[in-house]
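Participant: What follows is a single structure, and I will ask about it in a moment.
The values are calculated or read from the model by the stated rules, or taken from the named source; none is laboratory data. Note that the coordinates shown come from a computational prediction; the quantities given were computed from them, not determined experimentally. Cβ sites come from the backbone with ideal geometry, for glycine too, and all protein chains shown count toward neighbours. For accessibility, only protein heavy atoms count, side chains too; no ligands or nucleic acids. Shrake-Rupley method; radii C 1.70, N 1.55, O 1.52, S 1.80 Å.
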Amino acid sequence: LTRADERADIDLDELGQRVILPSSHTGSPRYMQQGYQDALALSRFYGKMDLFITMTCNPLWPEITRELLPGQTAADRPDLVARIFELYKGALINDVTKNGVLGHTVAHVYTIEYQKHGLPHMHLLIFFEDGHKVLHPEDVDSLIQAYWPSPETEPHLFEVVRVCMVHGPSSTADRNAPCMDGNKCTKHFPRAYQETTTLPKEGYPLYYHPNDGRAYEVRGVMLDNRFIVPYNPYLSA
């Protein structure tokens, strides 16, 4: 037999040795499954979660940009991005769980994902203790806003919202936006005006989107409160 024939006769199932990664191996299937089961146990014991917080790495954080060499971008330094994000992530979890900036927490769960362009982000679930749970529209309004802050009294928060928390322009303003499917925005923007926050029995909250006549220019288009992505003022600023 030729060497090619010998390779063709090899049963690949008989090669190598099966290795099963335990749940202590971060990122393995058993690790993820155990984390999922632990999260379900927390939910069963403490009830439904109260907050779902998403934190995305910002490649313009000064801790990242000041370490880049001339011509480099954050995508060239995944090691630096991961380390800086880990520090920010720890600070956020410490603020929320230990300092109680949003309320007294009894448990939290998070997972880290990487976006297509390489930046990590965290999905954080928060469980409040009884007496701090988010049960009424007033509780939602004390934590979440979905309208323009004042550029006069909150200039820093206004700039953060203008850069990071405005969806669009999409819909009639830009039919070629990535979120567009035909003539409709897949993220359901612009939202309808809401004079009060409501909590439907099924589905997502309908946040307070006042029709106060305020609109500001974002990427060359004047956008009002209907395009604001819900945000927490403390965490954003």
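Participant: Taking R0 as 25 Å, what FRET efficiency do you get between HIS132 and THR56 from their Cβ-Cβ distance, rounded to the nearest 0.05? Before the final figure, lay out each step's value.
Facilitator: On the way: r = 26 Å, r/R0 = 1.04.
Efficiency, from the Cβ-Cβ distance: 0.45.
Participant: Which residue, chosen from ALA75, LEU125, TYR193, occupies the Cα position most advanced towards the positive end of the dipole of the chain, where the dipole is computed from +1 (Lys, Arg) and -1 (Asp, Glu) charges on Cβ about the Cα centre?
Facilitator: Positive-most Cα among the choices belongs to TYR193.
Participant: With every protein chain kept in place and ligands, DNA and RNA left out, what is the accessible area per residue of the chain? Probe 1.4 Å, answer in Å².
Facilitator: Per residue, the chain has an accessible area of 68 Å².
Participant: Hey, got the dipole for segment 138-237? About the Cα centre, +1 on K and R Cβ, -1 on D and E Cβ, debye to the nearest 20?
Facilitator: For segment 138-237, the charge dipole is close to 480 debye.
Participant: I would also like to ask the following. Identify the chymotrypsin sites (Phe, Trp or Tyr not before Pro) of segment 116-194 meeting these criteria: DSSP loop state and at most 15 other C-beta atoms within 10 Å of the C-beta.
Facilitator: Counting only loop positions with at most 15 other Cβ atoms within 10 Å, the chymotrypsin sites (Phe, Trp or Tyr not before Pro) in segment 116-194 are TYR193.
Participant: Whenever you get a sec, line up THR197, THR26 from highest to lowest accessible area (probe 1.4 Å, protein heavy atoms).
Facilitator: Descending accessible area places them as THR26, THR197.
Participant: Counting other C-beta atoms within 10 Å, and keeping those with at most 14, which DSSP coil trypsin sites (Lys or Arg not before Pro) do you find in segment 98-175?
Facilitator: LYS116, ARG175
Participant: Under a straight-distance cross-link criterion of Cα-Cα below 21 Å, which lysines are reachable from LYS89, leaving out those fewer than 8 residues away in the same chain?
Facilitator: LYS98, LYS116
Participant: Also, quick follow-up: Return the carbon/sulfur percentage of the accessible area of the chain, one whole number, probe 1.4 Å, all protein chains in place.
Facilitator: Within the chain, the accessible surface is 53 percent carbon and sulfur.
Participant: Mind running the shape call on segment 78-223? Use the C-alpha gyration tensor, a ≥ b ≥ c as the square roots of the eigenvalues: rounded below 1.5 for a/c, prolate if a/b tops b/c, oblate otherwise.
Facilitator: oblate
Participant: While we're here: Relative contact order of segment 65-183: what whole-number percent is it, with Cα pairs under 8 angstrom and at least 6 residues apart? Please list the in-between numbers first.
Facilitator: Numbers: 87 pairs, mean separation 15.0, N = 119.
Once divided by the residue count of segment 65-183, the mean separation gives 13 percent.
Participant: For segment 19-155, with the dipole built from +1 on Lys and Arg beta-carbon atoms and -1 on Asp and Glu ones, taken about the Cα centre, which of ILE93, ALA39, HIS25 lies farthest toward the positive end?
Facilitator: HIS25
Participant: Turning to a different aspect of this structure: Using Cα pairs closer than 8 Å and at least 6 residues apart in sequence, work out the relative contact order for the chain, in percent.
Facilitator: Relative contact order for the chain comes out at 15 percent.
Participant: Got the relative contact order for segment 129-195 handy, in percent, Cα pairs under 8 Å and 6 or more residues apart?
Facilitator: The value is 15 percent.
Participant: Starting from segment 60-104, pick out the GluC sites (Glu not before Pro) whose DSSP state is loop and whose Cβ has at most 14 other Cβ atoms within 10 Å.
Facilitator: GLU67
Participant: Moving to a separate point now. With +1 assigned to the C-beta of every Lys and Arg and -1 to the C-beta of every Asp and Glu, and no other charges, what is the dipole magnitude of segment 22-86 about the Cα centre in debye, to the nearest 20?
Facilitator: 240 debye
Participant: For helix 155-164, what angle does its Cα long axis make with the longest principal axis of the chain, in degrees from 0 to 90 and rounded to 10?
Facilitator: So the inclination is approximately 50 degrees.
Participant: What accessible area, in Å² to the nearest ten, does a 1.4 Å probe give for THR196?
Facilitator: Its accessible surface works out to 90 Å², give or take rounding.
Participant: Taking the Cα centre as origin and putting +1 on Lys and Arg beta-carbons and -1 on Asp and Glu beta-carbons, what dipole magnitude results for the chain, to the nearest 20 debye?
Facilitator: 220 debye
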